[in-house]
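The values are calculated or read from the model by the stated rules, or taken from the named source; none is laboratory data. Nothing here was measured: the structure is a model prediction, and the numbers come from that model. Don't worry about glycine lacking a Cβ; one is built from the backbone with ideal geometry, like all the others, and counts go over all protein chains shown. Heads up: the accessible areas ignore ligands, DNA and RNA and are worked out on the full protein's heavy atoms, side chains in. Shrake-Rupley method; radii C 1.70, N 1.55, O 1.52, S 1.80 Å.
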Amino acid sequence: MSLLWQLVACLPPVIEYDTGPGIVESQPHSDSDSGPDQPVDNDSDGYTSDVDCDDDNAAVNPGREEIWYDGTDQDCDGNDMDQDLDGFASSRWDPSGDDCDDSDHNVNPDGVEVWYDGVDQDCNQTCDYDMDQDGEAIPLSETNGGAYENVTYDNDFDPCTGSEGDDCDDENASISSDADEIVDGVDNDCDGADDGEWSDMADHVAILGASSAGFGVELTVHDSDGDGKDDLFTSLPAYDGVFSGGGFLARFDSGVIGSRANSTVGLNEAGVSVSPGVANSALGTRLLAADLDGSGDVDIATTAPGSDVVWLLEGDSSTSTPDASIRSVYALDGDLDFATIEELLVIGSASGDGDQGVVFLIGGDLSSDQVLGSDYELKIADGDDQPDSLGAAVLVADANGDGVPDLLMGAPTDDVSKTDGGGVYLIDGTDLGTTTGVVDVTDFSRVSGDKAGWMFGQNLIDVGDFDGDGNGDIGVVSSEGTTTRLHLVEGGGSFFSKPATLIPARIEIDRTTGREWDLAAAADLDADGKSDVVIGNPDRSTAYVFLGSGLSDRSTSVSTDADAFVTGSSGFGAAVALGDVVGDEAWDLVVSNPDSGKIIVLPTGF
């Protein structure tokens with residue numbers, strides 16, 4: 001053998017390899033290169049063990065095509081459950097996966113939902129035709145093509161598998177056909193009554209009194225027993241009972257009302273009842289519930305004009321009967337700080353004492369009889385000797401936002417601005433502590449009706465802060481012909497100019513019957529920082545709701561512009577009140593119907 005052939009025979013054999021990571025092409029094999037720490041190719045598939053994830057299986061290596069979801073990583077890339085490479089494993093094949101469509105990298109838990117296209121882009125398993133996720137789909141006609149047939153991922157979600165949806169507002173989860181209707185100007189239950197009608201009076205309670213006795217003409221709610229729930233006070237001034245026309249005062253406890261949803265409460269279930277024992281007294285013609293003596297208990301003051309008295313029922317249920325030297329007591333209010341006297345009873349009379357009208361402030365000692373003509377702390381009269389009906393209405397409210405209650409007095413036939421234009425006088429609460437004796441009302445601030453015959457000041461209502469500026473505002477009732485108006489007078493410093501001025505906002509009520517004492521109540525029902533106003537109109541047998549967010553600087557009509565309304569039988573709406581008399585920590589609307597001897601309590605849902 002030649003030397004050349006001897007040299008060639010001594011060379012190691014040559015092995016051919018495919019190129020790739022960890023792969024050596026045309027590298028000589030040497031026994032000295034093998035060992036426990038060196039990459040090998042046990043399955044002879046051309047990939048060494050440092051890159052071959054299963055070097056005992058020639059069907060597994062980086063050059064193989066992946067067979068998805070079979071539990072084997074054929075291409076050794078570490079992924080057998082994420083075919084669309086979006087970083088989420090298939091929820092169909094991987095028990096811990098959450099990608100509902102592993103063939104589309106735009107569909108995964110981080111995907112951006114495109115509503116009404118039949119695709120669940122964010123894989124949250126909610127119906128693609130239920131954007132507000134209230135469990136109810138919108139109608140087919142309102143979707144992009146109405147492609148319900150494309151919805152295959154939500155077979156267990158009943159509202160979306162049908163051919164028709166019935167959600168009238170798919171951006172608000174509180175609105176659906178299963179929702180309860182509330183008086184808020186919105187069609188909550190999608191029944192088509194989008195004008196705010198609360199036709200079914202859901203879960204209402206009817207309190208039955210006596211028809212033709214004035215039952216419910218006066219309404220007030222107050223927590224009289226300290227349980228955090230409001231009790232309902234009302235009266236029957238024409239009630240006969242034992243004494244013809246003697247009248248009747250009743251308190252219905254919240255516990256009784258709250259347990260009677262969709263049922264009735266009888267007059268005999270009143271927790272407290274008072275009858276004067278004098279015929280034709282008309283007890284309950286005016287009614288006030290307040291802590292008048294500073295004891296912490298709720299006291300009751302009510303007029304009995306047929307007996308020339310104002311009756312007092314103290315919080316401990318004892319009674320006294322202070323005489324009234326003026327027969328026609330038109331208005332009552334209280335809870336007014338006055339120097340060293342903790343509480344006061346305010347009594348206004350639009351006739352008597354020279355026909356000018358007068359307002360008395362009575363001290364907080366309610367344990368003994370008092371005579372209005374002499375036992376007063378302050379007497380407010382009009383020195384011009386004109387019959388201006390001062391005292392037709394009185395109101396204690398913080399009108400300037402300083403935290404001290406002020407005294408407001410209505411004079412509906414006041415002629416200072418216009419003939420019978422009327423006016424409202426105001427005494428700053430900070431001045432009351434130093435004011436005693438007899439004073440002339442013209443020394444104080446006034447806001448006047450700006451048209452003759454308006455009779456501005458027939459009633460005064462604390463409407464809270466309807467414009468959201470932090471100051472309490474005042475509702476003033478006027479009546480001209482067949483139109484009653486609730487004027488909204490802005491609180492704050494403007495009320496203390498001489499004279500103060502009206503802001504443009506007012507609500508016109510086509511009301512021709514009855515008096516105007518309890519036609520309105522106010523509270524921030526929707527918790528938006530602005531008071532909402534409820535107005536009763538027995539001529540239309542309806543109570544209307546105006547949301548404070550739409551009241552500022554506008555004139556409205558209850559018949560066309562209300563945000564919501566509730567309608568009852570003939571005469572419904574003679575008086576209204578707001579409070580939590582059901583005891584569920586939500587506002588209830590109380591509406592009376594004296595014609596049928598009923599008071600209706602309706603939970604509002606607010």
Rounded FRET efficiency, nearest 0.05, which uses the C-beta distance separating ASP369 from ASN268 and R0 of 30 Å: 0.45
Inter-probe distance in nm under a simple model that places probes 7 Å from Cα toward Cβ, at SER569 and ASP84: 6.3 nm
Segment SER44-ASP56, extension gain: residue separation times 0.36 nm, minus the distance between their alpha carbons: 3.4 nm
Straight-distance crosslink candidates among lysines, where the alpha carbon sits under 16 Å from LYS451 and sequence neighbours closer than 8 are dropped: LYS418
Burial ranking of peptide ranges 99-107, 296-304 (average Cβ count within 10 Å, highest at the top): 296-304, 99-107
In nm, spacing of pseudo-spin labels at ALA452 and THR430 (7 Å Cα→C-beta vector): 4.0 nm
PHE606 accessible area, 1.4 Å probe, all protein chains in place, Å² to nearest 10: 50 Å²
Where labels lie 7 Å past Cα in the beta-carbon direction, separation of ASP122 and SER211 in nm: 5.7 nm
Per-pair calculated FRET efficiency, R0 = 25 Å: SER174 and ASP110 via Cβ, rounded to 0.05: 0.35
Additional length obtainable on full extension of the chain from SER557 to ASP94, 0.36 nm per residue less Cα span: 160.3 nm
Efficiency of FRET between ASP402 and ASP225 - r from beta-carbon atoms, R0 41 angstrom, step 0.05: 0.85
Length released on extending from SER103 to THR419, taking residue separation times 0.36 nm less the Cα-Cα span: 105.5 nm
Order by protection proxy (mean Cβ within 10 Å, highest first), peptides 63-75, 569-581: 569-581, 63-75
Hits among lysines - C-alpha to C-alpha of LYS379 under 24 Å, sequence gap 8 or more where chains match: LYS498
